[in-house]
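Values in this text are rule-based calculations from the coordinates and carry no lab data. If you're wondering where the values come from, they're calculated on a predicted model, not measured in any experiment. Here Cβ is always computed from backbone atoms with ideal geometry, including for glycine, and neighbour counts include all displayed protein chains.
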Amino acid sequence: MAKRTPVLTASGISKSFGPVTIVEDFSLEVFPGEAVALTGRNGAGKSTILRMLIGATRPDAGRIEFEGVRMSETDPAIRRGVATVIDDLDFFPDLSVVEHLDLLARAHGVPDPEAIVDDVLAEVQLVPQSGQLPGTLSSGQRRRLALATAFVRPRRLLVLDEPEQRLDVEGVAWLAARLRAERERGLAIVMASHEPHLVESVATRKVRLVGPSRADIPDAPGAGTAEDAEDAGAGA
């Protein structure tokens, strides 16, 4: 049997801010078609781990690779393969909703960008707001726009920080179905979430963080101190 190759590998990454250690010796492998959910209380290091995984925050120690290449937020090849929703604050203030998505689709060489933008706008229920500027949207609509930016472009890895934020119950159900579809077509997903339904619906593996955390690499004895690292059923 051919050995599976991970999409994303983090090996012994650590991060401190001043005297405070946020993440210590954390390791993770994520394979195609796998969804890993980071859970745990606020302050356990979930967001810091995600920012390190995408190259936005440099780890103090350890190594992160995307498809065997050292992770760099500015590497064009990596940027083409990794879609992220870390926050929804970084919109161009003078571009409309549709202009944001069209610009992103064209920048990533999406064939027939107008069609994919129209489809995603309909899916995230922003067609009536397509001509509006981001600053005029409600907080929930801004979150939907942030999610749309991930779905309008090519991707092999999705990294999401609490993607359910400010979505209503129907929105969370839609997001769960969409992420399951992404996973089932072979994408790798890493997400942090406090939403139990989303985690249980999407994740194939859960890692519960309890503080400065070490590793979850299944079947690796003594891999670390993440509490309740477990395989999770990914059914609806």
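If the only charges are +1 at each Lys and Arg Cβ and -1 at each Asp and Glu Cβ, what is the size of the charge dipole of the chain around the Cα centre, to the nearest 20 debye?
Charge dipole, the chain, about its Cα centre: 460 debye, nearest 20.
May I ask you to compute the full-extension gain from Glu170 to Leu95, defined as 0.36 nm times their residue separation minus their alpha-carbon distance, rounded to one decimal in nm?
Numbers: separation 75, 0.36 × 75 = 27.00 nm, distance 2.77 nm.
Extra length available between Glu170 and Leu95 comes to 24.2 nm.
Could you go through the stretch 27-39 in sequence order and give the Karplus-derived ³J(HN,Hα) for each residue, using 6.51 cos²θ - 1.76 cosθ + 1.60 with θ = phi - 60°, rounded to whole Hz, and x for Gly and Pro?
Coupling constants for the stretch 27-39: 10, 7, 10, 10, 10, x, x, 10, 10, 9, 9, 8, 10 Hz.
Taking amide H atoms as placed 1.01 Å from N in the peptide plane, list the residues 5 or more away in sequence, or in a different chain, whose amide H sits under 5 Å from that of Met71.
Ile64, Glu65, Phe66
5 Å is the cut-off here: which amide hydrogens, built 1.01 Å from N in the peptide plane, fall below it relative to Leu160, excluding neighbours closer than 5 in sequence?
Here Val85, Val190, Met191, Ala192 satisfy the definition.
Any idea which of Ser193, Ser139, Ser16 is furthest toward the positive side of the dipole for the chain, if Lys and Arg beta-carbons carry +1 and Asp and Glu beta-carbons -1?
Ser16
Quickly work out the Leu103-to-Thr74 label distance, labels modelled 7 Å from Cα along the C-beta direction, and quote it in nm with one decimal.
Calculated label separation equals 2.0 nm.
Might you report the magnitude of the Cβ-based charge dipole of the stretch 105-213 about its Cα centre, with Lys and Arg at +1 and Asp and Glu at -1, to the nearest 20 debye?
The calculation lands at about 440 debye.
For a quick check: with amide H placed at 1.01 Å from N, whose amide H comes under 5 Å from Leu209's, ignoring anything fewer than 5 positions away on the same chain?
Thr39, Gly40
For the stretch 37-85, what is the charge dipole size about the Cα centre, in debye to the nearest 20, if Lys and Arg each add +1 at the Cβ and Asp and Glu each add -1 at the Cβ? Display every interim value, and only then the final one.
Numbers: 8 positive and 5 negative charges, 32 e Å.
That gives the stretch 37-85 a dipole magnitude of about 160 debye.
In the chain, which whole DSSP H runs stretch at least 20 Å along their own axis (Cα) and average 0.0 or higher on the Kyte-Doolittle scale? Write down the numbers at each step before the final one.
Working: long enough: 169-184 (23 Å, -0.13).
Helices passing the filter in the chain: none found.
Hey, if you put +1 on the Cβ of every Lys and Arg and -1 on every Asp and Glu Cβ in the chain, which of Asn42, Val98, Pro32 ends up farthest toward the positive end of that dipole?
Sorting the options by dipole projection puts first Pro32.
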